[in-house]
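Notes to accompany the following structure.
The values are calculated or read from the model by the stated rules, or taken from the named source; none is laboratory data. Here the structure is a predicted model, which is why all the values come from computation and not from measurement. Cβ coordinates were reconstructed from backbone atoms using ideal geometry, including for glycine residues, and neighbour counts include every protein chain displayed. Only protein heavy atoms, including side chains, enter the accessible area calculation; ligands, DNA and RNA are left aside. Shrake-Rupley method; radii C 1.70, N 1.55, O 1.52, S 1.80 Å.
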Amino acid sequence: MITLHHCPQTRSMRTLWLLNELEVEFQVRFHAFDQSLREPEYLSLSPAGRVPALEIDGERMFETGAITQYLCERFSPDRMGRSKDSMDRMAWLVWVHFAETLSQHTAALTQQHVALREDHMRSPIVMKLEAARIGKCYDAIEARLSTPVENRDYLLTSGFSAADISVGQAVYMSRYFVKLDRHPAVAEWYERISERPGFQQSLPQGDGIYTQDFYEPWPVV
């Protein structure tokens, strides 16, 4: 049995979506996004106290990029993954791990807008800087999707894969802070992949981290 340790609206949604697409048996253990992730029991699964953590065959994994690569290589090397002989292997690796570049900026904004409870702790400068960095990540995805390659509906020429899951989940989170209005190819791609049942099944079934649909950067005074 595979057990995913998951908090809604966090990076572990990426692993949940992938598991749904892989159609393997798994169970989900839900955790609150709070200090309980720093308790010894959970730290034995993920030493930095973060989600996801994955239990599989008596072993424990953490870090979404590593989990994605392992699950694809084991269960779906040529559908969700791309094997070493695939022409898209290099691009697959790049985009699976690019998701973390985008996620780190979203995490900084989540801290600014959500995790910090006192207004005096928050920095409008950090908010604007991280929002701009998300925009730059959107630029990179837009350029990839706008490349004049026949049938480029997904990040890889060979079709949908865990690269779309990884980056797509990162975009799902970043849209709380930076809209896709200036990136039409990204918006079209995101709409396409977010219609998949695997994505829909990975959405929060109750409360998540975010209490509003969009968080504007504060003006710099």
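Which of the residues that make up region 110-164 are loosely packed, with under 12 Cβ neighbours inside 10 Å and in a loop (DSSP other than H, G, I, E, B)? Across region 110-164, the qualifying residues are Arg117, Glu118, Thr147, Pro148, Val149, Glu150, Asn151. Applying a threshold of 8 Å to beta carbon distances and a minimum spacing of six or more residues, or different chains, the list of pairs starting in region 203-221 at a residue that is hydroxyl-bearing (Ser, Thr, Tyr) and ending at one that is assigned to a loop (DSSP other than H, G, I, E, B) reads Tyr210/Gln9; Tyr210/Tyr176; Tyr215/Tyr176; Tyr215/Phe177. With respect to Thr10, is the statement that it is touching a strand residue (DSSP E or B) at 6+ places or on another chain (Cβ under 6 Å), open to solvent by less than 30 Å² (accessible area, probe 1.4 Å) and not aliphatic (A, V, I, L, M) true? Spelling it out, it is not the case that Thr10 is touching a strand residue (DSSP E or B) at 6+ places or on another chain (Cβ under 6 Å), open to solvent by less than 30 Å² (accessible area, probe 1.4 Å) and not aliphatic (A, V, I, L, M). Condition first: among the hydroxyl-bearing types (Ser, Thr, Tyr), under 19 Å from the mean Cα position of the chain (by Cα) and surrounded by fewer than 17 Cβ atoms within 10 Å (Cβ to Cβ). Now tell me which residues in region 64-87 satisfy that. Within region 64-87, just Tyr70 meets the criteria. Taken across region 25-47, residues that are of a type in the set (Ser, Thr, Tyr), under 20 Å from Ala170 (Cα atoms), free of Cβ contacts under 8 Å to residues at least 24 places away in the same chain and in a helix (DSSP H, G or I) do not occur at all. Can you confirm whether Gly81 is touching a residue at least 40 places away in the same chain (Cβ under 8 Å), touching a helix residue (DSSP H, G or I) at 6+ places or on another chain (Cβ under 8 Å), of a type in the set (Gly, Ala, Ser) and closer than 24 Å to Thr101 by Cα? Yes.
Scanning region 173-198 for residues that are assigned to a loop (DSSP other than H, G, I, E, B) and under 21 Å from Gln112 (Cβ atoms), we see that the one that is least open to solvent (accessible area, probe 1.4 Å) is Phe177. Name the residue, out of Met61, Met90, that is under 20 Å from the mean Cα position of the chain (by Cα) and surrounded by 13 or more Cβ atoms within 10 Å (Cβ to Cβ). Within the list Met61, Met90, the selection yields Met61.
Here's the yes/no breakdown for (1) modelled with pLDDT of 95 or more; (2) in contact with a Lys or Arg (Cβ under 9 Å, 6 or more places away or on another chain); (3) basic (Lys, Arg):
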{"position": "Asp153", "(1), (2), (3)": "no, yes, no"}
{"position": "Ile165", "(1), (2), (3)": "yes, yes, no"}
{"position": "Val171", "(1), (2), (3)": "yes, no, no"}
{"position": "Tyr190", "(1), (2), (3)": "yes, yes, no"}
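Selection of region 211-221 for residues being at pLDDT below 95 and either touching a His at 6+ places or on another chain (Cβ under 7 Å) or surrounded by 12 or more Cβ atoms within 10 Å (Cβ to Cβ) (or both) yields Pro217, Trp218.
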